[in-house]
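Okay, structure first, notes after.
The values are calculated or read from the model by the stated rules, or taken from the named source; none is laboratory data. Model, not experiment: these values are computed from the prediction. We place every Cβ from the backbone using ideal geometry, glycine too, and count neighbours over all the protein chains shown.
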Number of protein chains: 2
Amino acid sequence: MGKDVVKVGLLGLGTVGSGVMKILQMNGEQVRGRAGINIEVKKILVRNKQKARDVKVDPSLLTTKAAEILQDPEIDVVIELIGGLDAREYVEEALRRKKYVITANKDLMATAGASLLRLARDNGCNIYYEASVGGGIPLIRPLKHSLGANRILRLAGIINGTTNYILTRMDLEGLEFTEALTEAQARGFAEQDPTNDLEGKDAAYKLCILASLAFNSHIDFDTVHMEGISNLNRRDLLYARELGFTIKLLAIGEEMPEGLALRVHPALVPLTHPLAGVLFENNALYVEGNAVGEVMFYGPGAGSMPTGSSVVADLIDVVRGINHQVENGVMEIDFLDKKVVPLEELNSAFYLRLQAQDQPGVFAGLANAFSEEMVSLDMIIQKRSREGKAEIVLVTHVEKEKNFNAALARIQKFPGIGAINSVYRVIPK
Amino acid sequence: MGKDVVKVGLLGLGTVGSGVMKILQMNGEQVRGRAGINIEVKKILVRNKQKARDVKVDPSLLTTKAAEILQDPEIDVVIELIGGLDAREYVEEALRRKKYVITANKDLMATAGASLLRLARDNGCNIYYEASVGGGIPLIRPLKHSLGANRILRLAGIINGTTNYILTRMDLEGLEFTEALTEAQARGFAEQDPTNDLEGKDAAYKLCILASLAFNSHIDFDTVHMEGISNLNRRDLLYARELGFTIKLLAIGEEMPEGLALRVHPALVPLTHPLAGVLFENNALYVEGNAVGEVMFYGPGAGSMPTGSSVVADLIDVVRGINHQVENGVMEIDFLDKKVVPLEELNSAFYLRLQAQDQPGVFAGLANAFSEEMVSLDMIIQKRSREGKAEIVLVTHVEKEKNFNAALARIQKFPGIGAINSVYRVIPK
């Protein structure tokens, strides 16, 4: 216990950085008690020293030169809250200089996590990234420690707040997609360019981080299948509810005998499933382990204070370790390179909504197409038709994606079938 | 790194002990990898060596003498899975002999946790108890570490699987209490004598453990207010649903400026609240922190493998620490003695169901009684009356318990009021 204070450098004082500073001010005594030693934020890297901020910070702490933090031998911990891939060089320099790194950077951990963890190990330090996924929800530490006795079989997460907010407003209040998106933007739950959120890219990044840890494997971002929610129609939410489901954008990772399956797509979730109750901007991760069974972690997936809460939790662990002159090691070092199974080899139940001519033989043709591809039907809704057109909704049993796609291809060729409006995967009840 | 194996003694090979052994067999390689060193179960204390068990164990490991474990200097870790307060002397002896202890014993941790933690610290070791609350759900570690940057404002948990199973069957399937209890017993979710579960004692024990940690205070079991579910009528679940609620047995701990409030009682929970979706034997803990906001942990609250999963997670942490010759300290050592606020000083919304004569003036009298005690009403249901009797259901706004009780006392004296059937607290929407 050679020190009486651990000195910290902060890279970035934006949304999350302000949260971190506020928490250290508000709960400083408790943080100190848990860490066992004083923590001093010595320097904070900002772009503009004059900018007005919603947290009080001694102006003499601010610097526009990263080197003042990275090259200061007194600073033992670097908290990287700049975000984006440009932060990589800072993180690498900090690790090479044997500083502990705490980061909230999902892009960086998703694409370079394994390499950074190796670099940390080689330098006898470590990199902590609880805040990179799920904002304030404890996810990384539970996967590493609390569920450490389990082989993880499956992850299913609602890990993008923007899309969950939109889907909740559409489902509970009957908004159309564009109305819900506008609301989300007005309330700060969606960015002005929401493409990365709507198309599932943000969730796919986070899935890479979680799946690496859960399945102990390198995950290449390009192997994650992505489908977004931009084409989702309110009608599908209405039918889903009639069948006992809601629709959520899920990030799913599974380990099967053939390999890993990794995908982000909208799916029908049974109303009795705990993920169905995850509303508005909240996030949740459902985990299936071979010992524990099914557990779920729920909470705010973003925001200044929640994400700050995760960063400061990491800081307490790091400082506690430094105080006890302990480094109990990087746990995620021996990632394997597990095979990723192509989507069409997977099994799913499917929801299908289509328009058909209300004439003899159309429904029989539909039924035959499924039957010929060995796809069996679980639920069917056909309402009274209008102007000679019927809307049909079908839910299949769990079948090979390949077979379902083959049936769909047959159906599209029928003269009596109008439009295939929607196709979604279904989480079985 | 002086050792090449850490030796463990197991006290008890019942439900949880069998789960622990199965997990070590099934996931042994992974556990070894995470712990960084081999783990050997050297001895297992049992009552009867000949008893048939549903896990394969080398018979030479079994002993009926606790001393063979507690006094073996080769054994560094003692896992106590006997349960009950009689186990205390074993745990104390193990700690005095500087062995790490892992326990799933909620009675012991609830009533003697602080003293055992002190004993552990004084002997330079530690006691781990993730499995004592919430079965397989990570709760202790998240409260200690992941939420360490937060001042915890409030805990609300469904932490008794028996009562939640019963309430779920009553709510979703319309069973009466006694039918649901019989079903729970038949399926192994309720004991033959279910008193401790039904009356809230089991949940109160667990609340003591969680609240000590969350609020950093000694908690005296006798200060926890308890109400059970034995008198719950299906009609209340039906009315609750009509009003947008379900009924759950909640364990609630709060820190207020005046002190702590600790209670276990049935409560109306809004259907949109994440706790409302916790069904059947599952458990969940909802935590409100002053930085993170609201998070929830959900999963199986009991059972051989889930509880074993928590025990083995603790074992990995302990062995990892031994392997790195690290002890980063007992964190829960400086418990304060915070004041507990009497129930009647608390504020709650209330649900009230009563029978009244269907005659002029009765409802006005009811309304006046509330008004005179400054209790305002939020929702009212009165269905068409039968045989001159009306059933009235009222929900109040959040008011002082004292005032509500005073209003209730007035109402009970009215000649036109028949029976007060039910009174429950309500978690506001």
_Selection status of residue A:28, of a type in the set (Gly, Ala, Ser) and in contact (Cβ under 8 Å) with a residue 40 or more places away in the chain_ = no
*Among the residues of region B:275-302 satisfying the criterion of being assigned to a loop (DSSP other than H, G, I, E, B) and more than 8 Å from chain A (Cβ to nearest Cβ), which is farthest from residue B:77 (Cα to Cα)?*
B:280
_Residue match in region A:175-186 (condition: farther than 25 Å from residue A:270 by Cα, among the β-branched types (Val, Ile, Thr) and under 19 Å from the mean Cα position of the chain (by Cα))_ = no
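Within 16 Å of the chain's Cα centre (by Cα), in contact (Cβ under 8 Å) with a residue 12 or more places away in the chain, under 26 Å from residue B:286 (Cα atoms) and in a helix (DSSP H, G or I): which single residue out of A:143, A:172, A:155 fits that description?
A:143
Answer with yes or no whether residue B:61 is within 28 Å of residue A:141 (Cβ to Cβ), modelled with pLDDT of 95 or more and in the same structural domain as residue B:117 (by TED's automatic domain parsing).
Working: within 28 Å of residue A:141 (Cβ to Cβ): no; modelled with pLDDT of 95 or more: yes; in the same structural domain as residue B:117 (by TED's automatic domain parsing): yes.
Criteria not met by residue B:61.
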*Counting only residues that are away from chain B (no Cβ under 13 Å), farther than 18 Å from residue A:307 by Cα and more than 28 Å from the chain's Cα centre (by Cα), give me the helices (runs of 4 or more DSSP H) lying completely in region A:1-73 with at least 3 of them.*
A:67-70
*Is it fair to say residue A:305 is part of a helix (DSSP H, G or I) and either within 14 Å of chain B (Cβ to nearest Cβ) or hydrophobic (A, V, I, L, M, F, W, C) (or both)?*
yes
*Among the residues of region A:112-122, is any assigned by TED's automatic domain parsing to the domain that holds residue A:310, within 31 Å of the chain's Cα centre (by Cα) and part of a loop (DSSP other than H, G, I, E, B)?*
no
*When you go through (1) β-branched (Val, Ile, Thr); (2) closer than 30 Å to residue A:254 by Cβ; (3) within 14 Å of chain B (Cβ to nearest Cβ) one by one for residue A:340, which number turns out not to apply?*
(3)
*Tell me, please, whether a residue that is small (Gly, Ala, Ser), within 14 Å of chain A (Cβ to nearest Cβ) and closer than 16 Å to residue B:267 by Cα can be found in region B:152-160.*
yes
*Residue list for region A:406-429, filter: farther than 14 Å from residue A:349 by Cβ and in contact (Cβ under 8 Å) with a residue 60 or more places away in the chain*: A:416, A:417, A:418, A:419, A:420, A:421, A:422
*Does residue A:259 qualify as being surrounded by fewer than 22 Cβ atoms within 10 Å (Cβ to Cβ), out of contact with any Gly (no Cβ under 8 Å at 6 or more places or on another chain) and among the small types (Gly, Ala, Ser)?*
yes
*Give A:251, A:240 a once-over and let me know the one that is part of a strand (DSSP E or B) and in contact (Cβ under 8 Å) with a residue 40 or more places away in the chain.*
A:251
*Restricting attention to region B:318-331, does a residue exist that is farther than 30 Å from residue B:100 by Cα and either outside any strand (DSSP E or B) or outside the structural domain of residue B:411 (by TED's automatic domain parsing) (or both)?*
no
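Would you pick out the residues in region A:187-197 that are more than 21 Å from residue A:276 (Cβ to Cβ) and either surrounded by 21 or more Cβ atoms within 10 Å (Cβ to Cβ) or within 16 Å of the chain's Cα centre (by Cα) (or both)? Step through it out loud before you land on a result.
As a first pass, look at region A:187-197 and keep what is more than 21 Å from residue A:276 (Cβ to Cβ): A:187-188, A:190-196.
Selection gives A:190, A:194, A:195, A:196.
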*Scope region A:34-70; condition within 30 Å of residue B:144 (Cα to Cα) and of a type in the set (Gly, Ala, Ser); matching residues*: A:35, A:36
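From the list B:387, B:391, B:332, which residue is closer than 29 Å to residue B:226 by Cα and more than 14 Å from chain A (Cβ to nearest Cβ)? Even if it seems obvious, please write down each step before you answer.
On the way: B:387 fails: closer than 29 Å to residue B:226 by Cα; B:332 fails: more than 14 Å from chain A (Cβ to nearest Cβ).
Within the list B:387, B:391, B:332, the selection yields B:391.
More than 16 Å from the chain's Cα centre (by Cα), closer than 22 Å to residue B:304 by Cβ and surrounded by fewer than 19 Cβ atoms within 10 Å (Cβ to Cβ): does that describe residue B:86? Quick ask: steps written out before the conclusion?
On the way: more than 16 Å from the chain's Cα centre (by Cα): yes; closer than 22 Å to residue B:304 by Cβ: yes; surrounded by fewer than 19 Cβ atoms within 10 Å (Cβ to Cβ): yes.
When the stated conditions are applied, residue B:86 passes them.
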